[in-house]
Amino acid sequence: MNVYLFPTELEAKPFRALCPDANIVVSGVGMAATATAIARLDRERGLSADDVVLLCGIAGAYDDSVAVGQVVEVVSEECVELPARFRIRYVQDTPYTTLPRVTSNTVHAMATEPATADIENMEGATLFAMAEVMGFRAVEVRAISNRVRESFNAWRVDEALEALAKELKNIEYAE
């Protein structure tokens, strides 16, 4: 089973319009909401090693190495706001798609320091942590809506979400 997990209905809406029969779950924003949604999904439907949970949504890029509007697969996540001794970097050794691969910081508040990441989001590390414990396949696909520290008025959310929906509908899987 493929489950498409979106933090908000706004992020899910364009994909829902293109693929109305897709298995879509809206989790809520942030790490706690994502953990709760995944736990509820497991309780209600059961998750196994055959299941893929695709976390899909927007993200901010730290620099020009990732273009606004580009859709990417996150292959590495870290909660950078934790003290260094408590940080865990979650790494996906086997990409799921043929999308460009990036590293990401999972943050509570926007505009953290990039460290070694390309982008930032608010849910990714939770997905990978839950998958590690529960045994399902975790995949994170993000569309870049903005540059980190850019005014919200400059964000290109609609453009990013349209690109995300099209990529998800036509996703090509890595071999």
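Annotations for the structure displayed:
- Per residue, in Å², the accessible surface of the chain once ligands and nucleic acids are set aside, probe 1.4 Å: 48
- Of all DSSP bridge pairs formed entirely within region 27-153, close to 30 percent run antiparallel.
- Each Lys and Arg contributes +1 and each Asp and Glu -1, all at the Cβ; summed about the Cα centre of the chain, the dipole is approximately 300 debye.
- Intensity falloff of the chain expressed as log10 I(q)/I(0), Debye formula with alpha-carbon point scatterers, at q = 0.18 Å⁻¹: -1.17
- Rounded to the nearest 0.05, the FRET efficiency derived from the C-beta distance between L18 and A84 at R0 = 41 Å is 0.50.
- Just checking the listed ones, A49, A33, A125: in the Gaussian network model of the chain with Cα springs under 10 Å, the one fluctuating most is A49.
- Comparing M31, M134, M122 in a Gaussian network model of the chain (Cα springs below 10 Å), the most mobile by mean-square fluctuation is M134.
- Helix-only CD estimate at 222 nm, as mean residue ellipticity for the chain, using -39500 (n - 2.57) per DSSP H run (n ≥ 4): -8500 deg cm²/dmol
- Share of carbon and sulfur in the accessible heavy-atom surface of the chain [1.4 Å probe, %]: 52
- Under the simplified labelling scheme, the V157-E44 pair shows an inter-label distance of 2.4 nm, with each label point 7 Å from Cα along Cα→Cβ.
- Cα centroid separation, region 50-100 to region 1-36: 17 Å.
The values are calculated or read from the model by the stated rules, or taken from the named source; none is laboratory data. All values reported here derive from a predicted model rather than from experimental measurement. Here Cβ is always computed from backbone atoms with ideal geometry, including for glycine, and neighbour counts include all displayed protein chains. Surface accessibility is based on the protein's heavy atoms, side chains included, excluding ligands, DNA and RNA. Shrake-Rupley method; radii C 1.70, N 1.55, O 1.52, S 1.80 Å.
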